[in-house]
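Asks: The structure's right below; bear with me while I get my questions together.
The values are calculated or read from the model by the stated rules, or taken from the named source; none is laboratory data. The model shown is predicted, which means the values in this text are computed figures rather than measured ones. Neighbour counts are summed over all protein chains in view; Cβ atoms, including those assigned to glycine, are modelled from backbone coordinates with ideal geometry.
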Amino acid sequence: RLENLRIEILAPIIHSNRLNGIIGCGERLYEGNFAQSDLQVFALLVSIIAISISNAQMYEDMKKMSFTDAMTSLNNYRYFESRMHEEIHRARRSDTPVSLLMLDIDNFKNYNDTLGHQAGDEALRVLGWILKNAVRDEDIVNRYGGEEFSIILPGLDKKVISILAERIRQKVEEHPFYKEHIQPGKRMTVSLGGAAFPEDADNYEELVKRADAALYYSKKAGRNRFTLYIESLAKIE
């Protein structure tokens, strides 16, 4: 039994000045105390374990960095593309829907050029925070590029995403962004477009294309609105 195990040697496993664990060694198989050579072997083993943990952590950190947008801490485009393929495959296999919202900040160039990149970067971070707090835990929020964002919505059809998109639009419109009075309409707003698999598209490329077409229509129609993809929008894809 573990509680009856007699530990003769204990050593900390330390990585980056942080205690990651403790390794212990029980009694010798043969009678007698541990020799100096035994202690050296034990120390070497502890060192190898610590290095292995360090390498594993570095790998995980690098993997996370490769999929994370440094400015907003959201998933980046690379992660979005990989995850969107994965979710469509899962939806096809389980015969369930998956929807996609595309959105960007209206007149962001005006805001960025007038107040500077620091204010523009902060607006992107704030928008990312709003989006993360407006969706379910299982939804995937991504910075698509520039001032454009995407949200993957597993299991949701077009009826539900319309409600979600309007909630996001209102939350952004109501949030007090820094010096938003310089924007047209005196406030920060977003335009959104949405489409669903399999109703609107049969694959990743089609779904992105159609959600983007719906977003384009929202901007063309006056901004600060949501458009759900319909076949009549195909001519502007």
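Asks: For the range 42-63, does any single residue satisfy the condition of being surrounded by 12 or more Cβ atoms within 10 Å (Cβ to Cβ), over 30 Å from residue 79 (Cα atoms) and at pLDDT below 70?
Replies: So far as the range 42-63 goes, no, none of its residues is surrounded by 12 or more Cβ atoms within 10 Å (Cβ to Cβ), over 30 Å from residue 79 (Cα atoms) and at pLDDT below 70.
Asks: Related question: What do you reckon, is residue 201 assigned to a helix (DSSP H, G or I) and either in contact with a strand residue (DSSP E or B) (Cβ under 7 Å, 6 or more places away or on another chain) or in contact (Cβ under 8 Å) with a residue 24 or more places away in the chain (or both)? Write out each step before concluding.
Replies: Values: assigned to a helix (DSSP H, G or I): no; either in contact with a strand residue (DSSP E or B) (Cβ under 7 Å, 6 or more places away or on another chain) or in contact (Cβ under 8 Å) with a residue 24 or more places away in the chain (or both): yes.
Criteria not met by residue 201.
Asks: Among the residues of the range 187-201, is there at least one that is exposed (fewer than 15 other Cβ atoms within 10 Å of the Cβ), touching a helix residue (DSSP H, G or I) at 6+ places or on another chain (Cβ under 9 Å) and farther than 16 Å from residue 102 by Cα? Walk me through it before giving the result.
Replies: Filtering the range 187-201 down to residues exposed (fewer than 15 other Cβ atoms within 10 Å of the Cβ) leaves 199.
This time we only want the ones that are touching a helix residue (DSSP H, G or I) at 6+ places or on another chain (Cβ under 9 Å), so: 199.
If we keep only those that are farther than 16 Å from residue 102 by Cα as well, we get 199.
Yes, some residue in the range 187-201 is exposed (fewer than 15 other Cβ atoms within 10 Å of the Cβ), touching a helix residue (DSSP H, G or I) at 6+ places or on another chain (Cβ under 9 Å) and farther than 16 Å from residue 102 by Cα.
Asks: Looking at the range 169-179, can you tell me whether even one residue there is in contact with a Phe, Trp or Tyr (Cβ under 7 Å, 6 or more places away or on another chain) and assigned by TED's automatic domain parsing to the domain that holds residue 114?
Replies: For the range 169-179, residues in contact with a Phe, Trp or Tyr (Cβ under 7 Å, 6 or more places away or on another chain) and assigned by TED's automatic domain parsing to the domain that holds residue 114: present.
Asks: For the range 64-164, give me every one of the helices (runs of 4 or more DSSP H) that falls completely inside it and has 2 or more residues that are touching a strand residue (DSSP E or B) at 6+ places or on another chain (Cβ under 7 Å).
Replies: Working: elements: 77-94, 108-115, 117-134.
In the range 64-164, the matching helices (runs of 4 or more DSSP H) lie at 77-94, 117-134.
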